[in-house]
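The values are calculated or read from the model by the stated rules, or taken from the named source; none is laboratory data. All values reported here derive from a predicted model rather than from experimental measurement. Cβ placement follows ideal geometry from the backbone for every residue including glycine, while neighbour counts extend to all protein chains displayed. Surface accessibility is based on the protein's heavy atoms, side chains included, excluding ligands, DNA and RNA. Shrake-Rupley method; radii C 1.70, N 1.55, O 1.52, S 1.80 Å.
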Amino acid sequence: MSLYHLPTLLFIGALTSGCQMLPSSQQSSSDDVLDSEKLSVAAGDEGLKEAVESGDEAEQARAVKATRTKLDDAIEPSMKATAEDAREKLDEPSGPTAETDKAVEPANVPEPDLWERLRKGFALNHDVDQQRVRSQLNWYKSHPRYIDRVSERGSRYLYYILNEAEKRGLPTELVLLPIVESAFDPFAYSHGRAAGLWQFIPSTGKYFGLTQSWWHDERRDVVAATDAAFNYLERLAKRFDGDYMLALAAYNSGGGTVNSAMRRNRNQNKPTDFWSLDLPRETRAYAPKLIALAKIFADPAKYNIELPALKDEPYFEIVDTGSQIDLAQAARLAQVDIEEIYLLNPSFNRWATSPDGPHRLLIPVQNADTFRTALADVGPAERVSWHSYEVESGDTLGSIAQSYGTTPSVIQQVNKLNSHIIRIGQRLMIPSASQDADTYSLSAAERLSRKQDNAGRSAGGKRVDYTVRSGDTFWDIAREHKVSVRELSSWNGMAPGDPLMPGQDLVIWSKSPRATQMAKASQANLRGDDGMVRRVGYRVRKGDSLSRIANRFAVNVSDIASWNNLNTSRYLQPGQSLVLYVDIRNSP
């Protein structure tokens, strides 16, 4: 097996068609989307709020980590640790701040300030006298550290989002909406499967043109998702005659939900403004949060809050790469760490940009020219690494794909295979990462691995590595291991409604009495014992006893009793079902 750098041009076409799309609903019509009655369950900012309430700085830092949303399971496990590292970097001052260059600024020259520019575009009514706004405002006033945190997190993105809002003539309060949706966490992923700064669910994201593929998910793309969010809000505002309060309510709970609430009020001769509608509880608090935030940012001194200084300058430039590129190499060429690349380009699920494009990267403005110059000296053939692999006996496309962190579909399309059939000695070209997994520690898989290890310390169970079988469901697996469906899905970076695929690996912190033996079986598989310890279903026959069954399968009576919660003083009944974990080398 040898490493080759092959011209990207030879493979781009094949890779493009090989990107496997994530499951999503059929394309919806415009009316379907605008008339939706589905509440969008966003990741929100409750985790950050909980952290800010937790005490001193050290405790807050620990709480921020503990309350972060899980990462999207579409992100490769080897990439997830990098994403978590990047999330930590989110809470560090990033600039460009007005304080950064104080020493070199001329005296008495006022700094261009992004906050002042933001205020100039405010257009919503902040003077409403509503308890829902007052309660949110009181909390923000009592927790100024929260405003610091979201301002620091948003500092990478706010200049771009504000520019886009101004181009469209939108109320600039909408620039603050990612605080409500995701607390400016670009990796935020809710249990309702909403993702990114703007928290698009899969179907709505697809309707607004946000690609969700094996390589990347544009719901997390800063540029694409901002464009889609503003398109969506504009269309909702148009539907509700320019009323952005109703548009915000519809963004959260669906246009159909808002329309139905308005119809009920009309039928009862009641007002149909936002404050008068009977909407879902989350939606009733959603727009008031934004109004309360806008009041804070409009006049922070009034509430004894000091906003972090933020220059009215771009944080990043959009650089055309022209082709697919390894993200570790991009970081090296730009002379930034890979966490910075991921924070600005959080849509990528894998170690490289998508071969489909868009062929662009967001690069810190001070590094953009460095990146362009260095990239010009790296030909397309050197931007992505490829392995030449010779098929061996026992290989399948699935096993080869798993070894190289890709999918059978990608290998099939790259090599123009008409089926999954391969032959011994056949040569396959496989795209692969140029660096080891540690380099991409912010990527999905590594982040997930780190999350699973942290979960183990608090879950109190025994770790079991489980491979999904045909017909498995979250409910069945959770019940067998005495855990909740929500715990199981969270440990694996998934939502409870996400589909399970045969062959998918799950980590379970099992609380079952059989957990120890299950763990031994899973560890045997991980050691390469080729699954010699197997889970076997056994139906008790007439004349069976625990001792006879134990002897037959070379296991202990106490183990059988533990695995099945049996009282050894009671007789077995013919037809009774038992679960056994047996070493097939020692059993008949």
- Item | Flag for Asn567 being farther than 24 Å from Arg463 by Cβ, loosely packed, with under 13 Cβ neighbours inside 10 Å and modelled with pLDDT under 80 | no
- Message: Being under 20 Å from Glu116 (Cα atoms), among the hydrophobic types (A, V, I, L, M, F, W, C) and over 27 Å from the mean Cα position of the chain (by Cα) is true for just one of Leu170, Leu177, Leu162. Which residue is that?
- Response: Leu170
- Query: Looking at region 406-431, which of its residues are farther than 22 Å from Trp215 by Cα and touching a helix residue (DSSP H, G or I) at 6+ places or on another chain (Cβ under 7 Å)?
  - Reply: Ile422
- Only unsatisfied item for Ser441, checking (1) crowded, with 21+ Cβ neighbours inside 10 Å; (2) at pLDDT 85 or above, is (2)
- Query: Considering only residues of region 354-403 that are of a type in the set (Gly, Ala, Ser) and in contact with a strand residue (DSSP E or B) (Cβ under 7 Å, 6 or more places away or on another chain), which is farthest from Ala224 (Cα to Cα)?
  - Reply: Ser388
- Please work out if Ala309 is in contact with a strand residue (DSSP E or B) (Cβ under 8 Å, 6 or more places away or on another chain) and either in contact (Cβ under 8 Å) with a residue 12 or more places away in the chain or closer than 27 Å to Leu210 by Cα (or both). yes
- Please determine, by comparing only the residues of region 131-174 that are under 24 Å from Asp243 (Cα atoms) and not in a helix (DSSP H, G or I), which one is most open to solvent (accessible area, probe 1.4 Å). Gly169
- Would you pick out the residues in region 537-569 that are touching a residue at least 12 places away in the same chain (Cβ under 8 Å), assigned to a loop (DSSP other than H, G, I, E, B) and either within 45 Å of the chain's Cα centre (by Cα) or closer than 21 Å to Thr516 by Cα (or both)? Ala554, Val555, Asn565, Leu566, Thr568
- Task: Could you please let me know if Leu293 is part of a helix (DSSP H, G or I), at pLDDT 95 or above and aliphatic (A, V, I, L, M)?
- Result: yes
- Looking at region 315-330, is at least one residue surrounded by 20 or more Cβ atoms within 10 Å (Cβ to Cβ), in contact (Cβ under 8 Å) with a residue 12 or more places away in the chain and closer than 30 Å to Val258 by Cα? no
- Residue pairs qualifying under the 7 Å Cβ cut-off, at least six apart or on distinct chains, with the first in region 570-588 being among the hydrophobic types (A, V, I, L, M, F, W, C) and the second being modelled with pLDDT of 60 or more and exposed (fewer than 11 other Cβ atoms within 10 Å of the Cβ), are Val579/Gly537
- Message: Could you go through region 456-474 and let me know if any residue there is more than 22 Å from Arg350 (Cβ to Cβ), modelled with pLDDT of 75 or more and within 21 Å of the chain's Cα centre (by Cα).
- Response: yes
- Any hit, region 320-338, residues being touching a Lys or Arg at 6+ places or on another chain (Cβ under 7 Å) and under 25 Å from Ala194 (Cα atoms): no
- Query: For Thr257, are the conditions met, namely being open to solvent by 10 Å² or more (accessible area, probe 1.4 Å) and either out of contact with any Lys or Arg (no Cβ under 6 Å at 6 or more places or on another chain) or under 20 Å from Leu293 (Cα atoms) (or both)?
  - Reply: yes
- Task: Restrict the check to region 340-353 and report whether at least one residue is open to solvent by 10 Å² or more (accessible area, probe 1.4 Å) and out of contact with any strand residue (DSSP E or B) (no Cβ under 9 Å at 6 or more places or on another chain).
- Result: no
- Message: Go through region 215-272 and report how many residues are in contact with a helix residue (DSSP H, G or I) (Cβ under 8 Å, 6 or more places away or on another chain) and in a loop (DSSP other than H, G, I, E, B).
- Response: 5
- Within region 220-253, work out how many residues are open to solvent by less than 10 Å² (accessible area, probe 1.4 Å) and under 20 Å from the mean Cα position of the chain (by Cα). 7
- Message: Any residue at all in region 376-392 that's farther than 30 Å from Val336 by Cβ, open to solvent by 40 Å² or more (accessible area, probe 1.4 Å) and not hydroxyl-bearing (Ser, Thr, Tyr)?
- Response: yes
- What do you reckon, is Leu197 at pLDDT 95 or above and closer than 20 Å to Lys80 by Cα? yes
- Please name all residue pairs, on different chains or six or more residues apart, with Cβ atoms under 7 Å, provided the first residue is in region 360-383 and is under 15 Å from Pro314 (Cβ atoms) and the second residue is among the charged types (D, E, K, R) and assigned to a helix (DSSP H, G or I). Pro364/Glu340
